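Trainee: Shown below is the structure under consideration.
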Amino acid sequence: MNVRIFDTTLRDGEQTVGVSLSPEQKLSIAKKLDALGVDAIEAGFPVISEGELKAVKMITDEGLSCEVAGLTRTIKKDIDAAVDAGLNYIHTFIATSDIHLEHKLRMTREQALEKAIEAVEYGKSRGLQVEFSAEDATRTNREFLKKVFGEVAKAKADRVNIPDTVGYSTPEYMAELTRDTIEATKLPVSVHCHNDFGLAVANALAGIHVGAACAHVTINGIGERAGNASLEELSMALQCLPYEQKYETHIKSQLIYDASRYVSKIVGIKVQPNKAIVGDNAFGHESGIHTHGVLSNPLTYEPISPELVGRTRSLRVGKHAGIHGMNAMLGEFGVTTTKEQSQQILDKIKVLGDQGKQITDVELLAIASNVLGEKGIKRIVQLAGFSVSTGIGTIPHAIVKLNIDGKEFIGTDHGVGPVDAALNAIQKITGKVSELRITDYELASISGGSTALCEVTVSIDDTEGNHVSSKSVGKDIVTTSVKAVIDGTNRIMLKKTLKDK
Ligand code: MN
């Protein structure tokens, strides 16, 4: 059975505290979602501002292959704004729970029902596809909810949606409401679940199992408060879990990770490391037992393969590390060790691990080179020197001197600031050796004040699909950035040389 994916990253997702997107940013996300294979996107709430109207218009003008919807209240002015934004599909809503009717709308149930019917009729009279939502459905009197849905179906709504607006439903209750709604409307039913109790995806799945045709979701589960059901979790659960009924979606799962990173970067919300499917640790293994298992057969500790969602497995070392995983990691960088050397490296890792330290692969290589001596580890690129100049009334400029495989290279370039100039100069040099691209740059301050330590994380890709990220911590933003990029460059070049062998 095919389940329709209605993505509301650009509407409910944008209502996340602290998120506000420009029309251009919204359009770029809309294109990403379309490429990912969602069936419909909710582009925004056209009546709320000039910018929002413009954003929705830009998206409807783009001619995407997915359907594009806009949110409206059950108010004519809102529906007219949707038409002005070029939409032919609206998602119109009014609250139906007594809590909302009494404290927010100050309406009786009958008045709300009347507004709902009027809006559906008006939307249809303007030639629109109409999806009707009974806001706070899960806290609405069950009989009244059935009545509302039945009446909007009679008014010729095309679809109805059950919003669990404050994430208050259980999977069992969501299933009951979905059955009620299908019975009352005979229409395609959507479920819109919030994550206030961490049940958004479970609730959406419960609705789908009893016949809901569509789930409202967002990338990374962003949305009001604790967020919405996440696209990546819901679509992969449908595709991969051992349900008797087979489900499909149009999502191109290999693009999920890329879409997740893209949205995270534009909206400025980091994904928690332990987030399912897209979190940093979702396919990471550290403990010796797990690493050993995964290296013999990934099925031992991975329910799905990371490649399925566009990712790769990451092995880490720390106090739980074992010799197999550590050797496998060293092997990725062409480092081979004797049994005694391995034990020595592992002992050092465990000492650091017991002090609460996380060991990245850069540090692992440093520890290994300490044990093996310089000959053990090849550093292809070494920083021989650099300087930057910046200020007001001058163009930031950098000179970088690198030693690559024993040969000296000098690169100069300018940039929007000293970091950009330095990174451009490095890329000018490394570009001659291998085509590398810095795809991500993140700067964080670790402690307060102008003497704070900064932490720079960069991601580097090459044209052969190798991807590395590296981190550096230091006092000077420019130096730390340069070090992070040089580290990353070394690692990606080592990976490449090993593959070429
Ligand atoms: Mn919502």
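The values are calculated or read from the model by the stated rules, or taken from the named source; none is laboratory data. The model shown is predicted, which means the values in this text are computed figures rather than measured ones. Cβ: placed from backbone, ideal geometry, glycine included. Neighbour counts: every protein chain shown. Accessible surface areas use protein heavy atoms only, side chains included; no ligands, DNA or RNA. Shrake-Rupley method; radii C 1.70, N 1.55, O 1.52, S 1.80 Å.
Trainee: I'd like the distance separating the alpha-carbon centroids of segment 27-45 and segment 321-356, in whole Å.
Mentor: What the calculation gives is 45 Å, centre to centre.
Trainee: Continuing with the same structure: What is the Cα convex hull volume of segment 381-500 when expressed per residue in Å³? Write out the running numbers ahead of the final one.
Mentor: On the way: hull volume 11.5 nm³, N = 120.
Value for segment 381-500: 96 Å³ per residue.
Trainee: Listed highest first by mean packing, meaning other Cβ atoms within 10 Å per residue, what order do 302-310, 22-30 come in?
Mentor: Working: 302-310: 16.1, 22-30: 18.8.
Ranking, from highest mean packing down: 22-30, 302-310.
Trainee: Pairing the Cα long axis of helix 50-61 with the longest principal axis of the chain, what angle in degrees results, from 0 to 90 and rounded to the nearest 10?
Mentor: 90
Trainee: Report the local net charge at residue 251: Lys and Arg +1, Asp and Glu -1, summed over other residues whose C-beta lies under 10 Å from its C-beta. Show your work: numbers first, answer last.
Mentor: Details: positive: 252; negative: 7, 39, 232, 248.
Result for the local shell: -3.
Trainee: Just to confirm a number: summing +1 for Lys and Arg and -1 for Asp and Glu over residues other than residue 6 whose beta-carbon lies under 12 angstrom from that of residue 6, what do you get?
Mentor: Working: positive: 4, 11, 159; negative: 7, 12, 39, 42, 67, 131.
Within the 12 Å Cβ shell, the charges total -3.
Trainee: While we're here: Of all beta bridges DSSP finds with both residues in the chain, what is the antiparallel percent, to the nearest 5? Show your work: numbers first, answer last.
Mentor: Details: 35 of 71 bridges.
Restricted to the chain, the bridges split so that about 50 percent are antiparallel.
Trainee: Taking the convex hull of the alpha carbon atoms in the chain, what volume per residue do you get, in Å³?
Mentor: Numbers: hull volume 90.4 nm³, N = 501.
Taking the convex hull of the Cα positions in the chain, it is 180 Å³ per residue.
Trainee: May I ask you to list the GluC sites (Glu not before Pro) in segment 233-266 that are in a DSSP loop and have at most 15 other Cβ atoms within 10 Å of their Cβ?
Mentor: Details: sites: 233, 244, 248; in loops: 244.
Loop-located and lightly packed - 244.
Trainee: Using only the alpha-carbon atoms of segment 170-237 as identical scatterers, what base-10 log of I(q)/I(0) does the Debye formula give at q = 0.15, 0.16, 0.24 Å⁻¹?
Mentor: -0.41, -0.47, -0.95
Trainee: Follow-up. Any lysines with Cα under 29 Å of the residue 57 Cα? List them, leaving off those in the same chain fewer than 8 positions away.
Mentor: In chain and number order, the partners are 26, 31, 32, 76, 77, 115, 124, 156, 252, 265, 270.
Trainee: Would you mind counting up the charge near residue 355? Only other residues with Cβ under 14 Å from its Cβ, with Lys and Arg at +1 and Asp and Glu at -1.
Mentor: Details: positive: 319, 348, 350, 357; negative: 347, 354, 363.
Residues near residue 355 contribute +1 overall.
Trainee: Taking a probe of 1.4 angstrom, what is the accessible area of residue 483 in Å², to the nearest 10?
Mentor: 110
Trainee: Give me the percent of the accessible area of the chain that comes from carbon and sulfur atoms, probe 1.4 Å, all protein chains in place. Don't jump to the answer; show the numbers that get you there.
Mentor: Numbers: 11880 of 22960 Å².
Whole-percent figure for carbon plus sulfur exposure: 52.
Trainee: Something else about it: On C-alpha positions alone, give me the angle between the axis of helix 477-500 and the longest principal axis of the chain, in degrees, nearest 10.
Mentor: The helix 477-500 is inclined about 80 degrees to the chain.
Trainee: Still on this model: With runs of 4+ DSSP H residues as the only contributors, calculate the mean residue ellipticity of the chain at 222 nm using -39,500 (n - 2.57) per run, divided by the residue total and rounded to the nearest 500.
Mentor: Only helices count here, giving -12500 deg cm²/dmol.
Trainee: Here's another thing I want to ask about it. Using the heavy atoms of the protein chains alone and a 1.4 angstrom probe, what is the accessible area of the chain per residue in square angstrom? Walk me through the numbers before you get to the answer.
Mentor: Numbers: 22960 Å² over 501 residues.
For the chain, the per-residue accessible area is 46 Å².
Trainee: Can you list the HN-Hα couplings for segment 232-238, worked out from phi with the Karplus curve (6.51, -1.76, 1.60; θ = phi - 60°), rounded to whole Hz and with x for Gly and Pro?
Mentor: For segment 232-238, the Karplus curve yields 5, 5, 5, 5, 6, 4, 4 Hz.
Trainee: I would also like to ask the following. Please give the helix 171-185 orientation as an angle from the longest Cα principal axis of the chain, in degrees from 0 to 90, rounded to the nearest 10.
Mentor: For helix 171-185, the angle is close to 40 degrees.
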